[in-house]
Structures are given as structure tokens and as C-alpha cells.
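Each remark here refers to the structure printed beneath this line.
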Amino acid sequence: MNPFSRFLVELQDISFLFWRMLRGLRKQPRYFDEMIRQMDSIGVGSLAIVSLTGFFTGCVLILQAYPTLEYYGAQSSAGQSVAITLIRELGPVLCALMVAGRVGSAISAELGSMVVSQQIDAMRALGTSPARKLVTPRVIALVVTLPLLTVAADVFGLIGGGIIARYLYALDANTYITSLRAGITIQDIIGGVIKPLAFGFIIGLISCHKGLTTQGGTVGVGKSTTDAVVLSSITVIIADFFLSKVLQGFFGNTLF
Amino acid sequence: MFETETISRQQSPISPIVPAIEFRDVDLAFDDRVILDAINFTVRRGETKIVLGGSGSGKSTIIKLILGLLRPDAGTVLVDGEDITNADEQELTEMRKKIGMVFQEGALFDSLSVYDNVAYRLAEEGIDDDEIEHEVIRMLRFVDLEDAIDKMPIELSGGMRRRVGIARALVGSPSIVLFDEPTAGLDPPTARTICELAIKLRDLEGVSSIFVTHEMNNLKYLSSEYAIVDGEGQVFFEQEGDKLCIINTKVMMIKQGNIIFDGTDEELKLSKDPYIHRFITGR
Ligand SMILES: Nc1ncnc2c1ncn2[C@@H]1O[C@H](COP(=O)(O)OP(=O)(O)O)[C@@H](O)[C@H]1O
Ligand SMILES: [Mg+2]
């Protein structure tokens, strides 16, 4: 099969998986326990790395932007410059990439080994749909927790930026906070939450799909894990561009 | 030797003449590779069909077709006389309730304890806990593994995993049981225990089954011994010929997706086909 038709087949499989998941939502049992367990391992488990990522991203943003701002005499806008970059773009995207690396790989490795050890076949033979039992709880857990994680990353980023501005560049803390307040609009916040909703969905569906279509034994598990991370990361970045465009269309281009 | 309680199998309204499993001209190919080529066979009610064949000959594929885990490219698969070839997922789920499946390596759920593995099917159906517990203990007693009830699959030996897999498959008293190489990689006494379980299901419970294997001693046990229960509920295994009896076991051999033999074990031993001869004698 050439790469283009393989892509189409893959897209079709993912859509079917999504469809089975949607149809399964109407039926009992709904596996709430599993969903809560997944939220715990995905959400709580990723909080530390996501906060750390956010924190240092905020730090480096100020580190790089401050000299330029100073050159133009715009030090007082330091808070705003971090806030906009972080909340609109870097928070959601970096957070999604970290989660794709940590959770996407875990999901596809887990489902992949279940395929290889015939646990998925066993599940179906015992009358359970893997789409409902395994995919739905994971996708929903990601869709719920990724926005929360993104908020955590944003907050830590703003704190990190503040610390660097205050202690490295001796910017007055009040100036930073005032500028933050002025810089963040409600549109930014809505956009910054809509994006991770979409990203969580993308990571969940792609990783589950890659895991469930694992072929060729243990080697296959490694391959589908890699594929899951690469494909969901790339899709997140591409989707980010289009989402930003759509959000701009909705909210108008509110730069500075 | 195990104690057994008699399992009450649901009286099916299906006539005993209707075969438990039937394949009609079933073809299957993966990409351009033909895996099964116009396969025809039947497993009659209460019969055990031993399926022999080298690795990669298509044995597991046949089993997956019966469960509806794969669909044939052409031909018909019938379970209890019902055509499952075009059944939707809901109909397949209903059909699968009649079938117990024992997977090659056990395929236990790693994240669940032995109890939860065996209870899986009932828990999914929303049966209440007391009833589940009773059934799980009964099934674990059948495979002689009551002590392992709280263990995780990772703590079990290969033979124990298979037996838990059997217990899980037998929950709900299915009328058809499929064994996919249940003794592969086990030591001879443990393999013998697994065969005894299959014999008990055949002779005491009237289960129809497919028993995939490539070990000749499995064939010997299943086709020459039968199980009886004495007045105290003790199960004994007796050799064919001690008393006159006809053992309800047939043998089928597959080679590269074709059935090259289908008949009794005596006929198999008399076969002149050099491949079959090599397969049973090893040279
Ligand atoms: N999902 C699949 N995709 C492609 N080929 C497969 C797949 N499953 C099985 N096969 C091939 O089909 C053949 C029969 O497999 P199988 O039924 O598992 O053999 P066995 O008799 O050892 O159980 C093998 O050659 C195997 O490589
Ligand atoms: Mg096999």
C-alpha cells in the first residue's frame, strides 16, 4: 500500500474507533471506576512533569524577552508578553506534548501488550467491547485532565516568569502582576482551555488506535508506542495551527 | 482426582442433530497470503475434535473464526446451526455466551486477580456479588486451584495460568469449549491434568469442544480414556477397551490451510500419507 492510501485507511480506522466509542456511551455498563482510575494516573501522575515544564518555560520566556523589551523601553509589559505566549500557545502545546510522551506511550504500550498476549481477544470472547472498556475511559480521562494540567502549567509558568523578572532583572513585582492582569483576556483563557480539550481527544484516540492495532509480537509493541507518540505529537502541532486560526476568527485578532 | 459437582447445562432447544460447529467452504487470506483454503468440517454435539497441525498451519485462525473475532472472506461458519458470518457485534456477543475459550498462553488479564479473572464474564453481566463468588469458587475447585484465588496472574506458574484460563472459560457453563494449545510448554503431568479436564467436560458435562494441539500424548489421552463418576462423586479415568465403549473424539489434521485428514484416531494411525506419518511418529 502506498503511504497515501495507508493514511486514508488509518484515518478510517480511527473514525470507526471513535464511532464505536460514541455508540458505546449509550450502553451499560459505563466503566466509571476505570475512568476515575485513568484520570488519577493520567492527571495526578503528570502534574509534576507538566508543572516543571511550565515553570521553566515561563522562566526562559522572560529570560529571552526581557532584554528586547528593555531595549524598547517596554519593561512594564514583561508580564503581558509571558502571559499571552504561555496561555495561548506554549502552555497548551507543551503540556500536550509532554502528556503525549508520557501518557500516549503508556496507553499504546499497555493496549499493545494486551493485543500481543491475546487479552484483547479474550475480552471480546468474554463479551466485552474493548472500545468501551478500554478506549472510552482513557479518551474521556485525557479530555478532562489535559485542560486542568494546562492550567497548572500556565500558572507555574507565570510564577517562573515572575521570579526571573524579579530576581534576575530586578523588575518590580507589582509591575509584573499589573501587566499580567492587563495582558490576559477572557478570550485567551477560553482559547487556552478549548485547545487542550481537542489535544486530549487527539492523543487519546491515536494512542488507543495504535495500541489496539499492534501487530507482530513484542517488537510490534515498541513500534506502535513510537508511532503513537510521534503521530499524536505531530497531529497536536498541526491541529494547534488550525485551532489558533479558528479561534482568531471567533475572537478577532487581539494582539496587544 | 477431582471432586465435581454436576454442572447443570442450559437445556438448549436445538435438535441434537444440528452440529455444534460447522464450516462450509471457508476461505481466509491476510493481504495476499491464503491462510485457509475452502475448509469444511463439522463438530457434532458432545463431540471433541482434536485439531493437529504444525505451527502457522491456521489452527488458531479457525478458532478465531468460530468466535467471530475474524470474519471469513468467503464461506459460512455456523455455531449451533446459526450462521454467524454476517452477525453484528451484538449478535456475536450473544453467541459468544455459549462458547468458552481457552487461549494459548492463558491470556489472563494481568491487571486483575485470579478471582476477578474468573469472575470477569459474570461481573460484566452485572450479576450480584454473592452469586459470582459462589460460581468462581465452584470453577476454581473444578480446576483444583482454590488456593490461588487471591493471587495475581504474574505469581502463577504456566500450568496454573492455563487452569485459571480454563476456569474463566467455563464460567456460565458454555456448551462449546475451544482449547487452543492448552498444554503447549507444560510438563507432562500438568499437561495430563489439562487433558483430564477436557475429558471430564466431554464425558460428564456433554460439552462439544475443539482441542488444538500438536502433542501426541494429548491425542492418546483424549482418544483412549473416558471419565466416569462413582456413587460418591469421585471421578475416575478408564482406558478404552477395559469395557466396551465408543469415545466421542475425532481427529482432524491441517497443513498449510487445508484439511489433510478428518476421522478417528485409529484411521489416523493407519494413514499412509508421509506427512501424517512423520507428524505422529516424529520421523
Ligand atoms: N493478523 C494476522 N495478519 C497476518 N497474518 C496472520 C495474522 N494472524 C495469523 N497470521 C498468519 O496466519 C497463519 C496461521 O496462523 P495461526 O492460525 O495462528 O497458526 P497456528 O496453526 O500456529 O495457530 C500464520 O502463518 C500466521 O503468520
Ligand atoms: Mg496458534
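The values are calculated or read from the model by the stated rules, or taken from the named source; none is laboratory data. These numbers were taken from a predicted model, which means no experiment stands behind them. Methodologically, a virtual Cβ is constructed for each residue, glycine included, from the backbone with ideal geometry; neighbour enumeration extends over all protein chains shown. In case anyone asks, the SASA skips ligands and DNA or RNA and just uses the protein heavy atoms, side chains included. Shrake-Rupley method; radii C 1.70, N 1.55, O 1.52, S 1.80 Å.
Suppose every Lys and Arg Cβ carries +1 and every Asp and Glu Cβ carries -1, with no other charges. What dipole size does chain B come out with about its Cα centre, to the nearest 20 debye? If you can, show how the numbers build up before the last one.
Details: 31 positive and 51 negative charges, 244 e Å.
In total the dipole reaches around 1180 debye.
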Could you tell me the center-to-center distance, by alpha carbons, between the stretch A:127-164 and the stretch B:128-175 in angstrom?
37 Å
Within 10 Å of each Cβ in B:106-112, the average number of Cβ atoms from other chains
5
Order of exposure, largest accessible area first, which applies to A:169, B:120 with probe 1.4 Å:
A:169, B:120
Against the globular-protein guess of 2.2 N^0.38 Å, express the Cα radius of gyration of the stretch A:140-180 as a ratio, rounded to two decimals.
1.54
In cubic angstrom per residue, the convex hull of the stretch A:105-256 built on its Cα atoms measures 132 Å³
Could you give the C-alpha radius of gyration of chain B expressed as a fraction of 2.2 N^0.38 Å, taking N as the number of residues it contains?
0.98
Rounded, prolate or oblate (a/c below 1.5 giving rounded, otherwise prolate when a/b exceeds b/c) for the stretch B:105-152 by Cα gyration tensor:
oblate
Excluding ligands and nucleic acids, what accessible area in Å² is computed for residue A:151 using a 1.4 Å probe, to the nearest 10?
70 Å²
Kindly provide the helix-only [θ] at 222 nm of chain A, computed as the sum of -39,500 (n - 2.57) over DSSP H runs of four or more divided by all residues, to the nearest 500 deg cm²/dmol?
-26000 deg cm²/dmol
For a test of the definition: using alpha carbon positions, the gyration tensor, and the 1.5 limit on a/c, classify the stretch A:1-80 as rounded, prolate or oblate.
oblate
Not counting ligands, DNA or RNA, and with a 1.4 Å probe, what is residue A:85's accessible surface area in Å² rounded to the nearest 10?
50 Å²
Using only Cα atoms, what Kirkwood radius does the stretch B:109-211 have, in angstroms?
13.9 Å
Extending each Cα 7 Å along its Cβ direction at residue A:56 and residue A:40, get the distance between those two points in nm, one decimal.
3.0 nm
Estimated [θ] at 222 nm from DSSP helical runs (n ≥ 4, -39500 (n - 2.57)) normalised by residues in chain B, nearest 500:
-10000 deg cm²/dmol
Taking only protein heavy atoms into account and a 1.4 Å probe, give the accessible area per residue of chain A in Å².
49 Å²
In debye to the nearest 20, how big a dipole does the stretch A:1-142 give about its Cα centre with +1 on each Lys and Arg Cβ and -1 on each Asp and Glu Cβ?
700 debye
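Can you quote the Å³ per residue value for the convex hull of the Cα atoms in the stretch B:11-50, rounded to an integer?
Numbers: hull volume 3.7 nm³, N = 40.
Hull volume over Cα atoms, normalised by residue count, gives 93 Å³.
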Relative contact order (%) - chain A, alpha-carbon pairs under 8 angstrom, separation at least six:
32 percent
If you average 1/r over all unlike Cα pairs in the stretch B:16-119 and invert the result, what Kirkwood radius do you get in angstrom?
15.1 Å
When chain B is modelled as a GNM with alpha-carbon springs shorter than 10 Å, which of B:239, B:104, B:256 fluctuates the most?
B:239
Among A:70, A:110, A:89, whose mean-square fluctuation peaks in a Gaussian network model of chain A (Cα, cutoff 10 Å)?
A:70
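Please say if the stretch A:66-144 is rounded, prolate or oblate, where rounded means a/c under 1.5 for a ≥ b ≥ c the square roots of the C-alpha gyration tensor eigenvalues, and otherwise the choice is prolate for a/b larger than b/c and oblate otherwise?
On the way: a/c = 9.96, a/b = 3.91, b/c = 2.55.
Since a/c reaches 1.5 and a/b is larger than b/c, the shape of the stretch A:66-144 is classed as prolate.
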Just to check, using Stokes-Einstein with a Kirkwood Rh over alpha carbon pairs, what's the diffusion coefficient of the stretch A:169-256 at 20 °C and 1.002 mPa s in µm²/s?
135 µm²/s
For the protein assembly as shown, fraction of C-alpha pairs farther apart than 31 Å, in %
56 percent
Enter the accessible area of residue A:35 (Å², nearest 10), with the probe set to 1.4 Å and all protein chains included.
20 Å²
Looking at chain A as a GNM with Cα springs under 10 Å, which of A:227, A:40, A:188 has the largest mean-square fluctuation?
A:40
Once amide H atoms are built 1.01 Å from N in the peptide plane, which residues 5 or more positions from residue B:101, or in another chain, come under 5 Å H to H?
B:178
Three principal axis extents, largest first, for the C-alpha atoms of the stretch A:1-142, in Å?
69, 41, 29
How big, on average over all directions, is the shadow cast by the Cα convex hull of the stretch B:195-238, in nm²?
3.1 nm²
How fast does the stretch B:171-283 diffuse by Stokes-Einstein, in µm²/s, taking the Kirkwood radius from C-alpha pairs at 4 °C and 1.567 mPa s?
85 µm²/s
Other-chain or far-sequence residues with amide H under 5 Å of residue B:209's (modelled H)
B:47, B:48, B:49, B:177
Which Cα, out of B:153, B:79, A:18, lies furthest along the positive dipole direction of the protein assembly as shown (beta carbon charges, K/R +1, D/E -1)?
A:18
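What's the Cα-based Rg to Rh of chain A, Rh via Kirkwood?
Rounded to two decimals, Rg over Rh is 1.06.
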Tell me the relative contact order for chain B as a rounded percent, counting alpha carbon contacts under 8 Å between residues six or more apart.
25 percent
Beyond 23 Å (Cα-Cα) in this structure, taken from B:97/B:255; A:133/B:64; A:133/B:49; A:133/B:98; B:97/B:151; B:49/B:98, we find B:97/B:255; A:133/B:49; B:97/B:151
Which whole DSSP H helices in chain A pass both tests: a Cα extent of 27 Å or more along the axis and a mean Kyte-Doolittle value no lower than 1.0?
A:45-71, A:136-167, A:186-212, A:217-251
Just to confirm the filter: which trypsin sites (Lys or Arg not before Pro) across the stretch A:1-78 are DSSP coil and have at most 13 other Cβ within 10 angstrom of their Cβ?
A:26, A:27
In nanometres, what is the gap between the two model label sites at residue A:230 and residue B:97, each 7 Å from Cα along Cα-to-Cβ?
4.5 nm
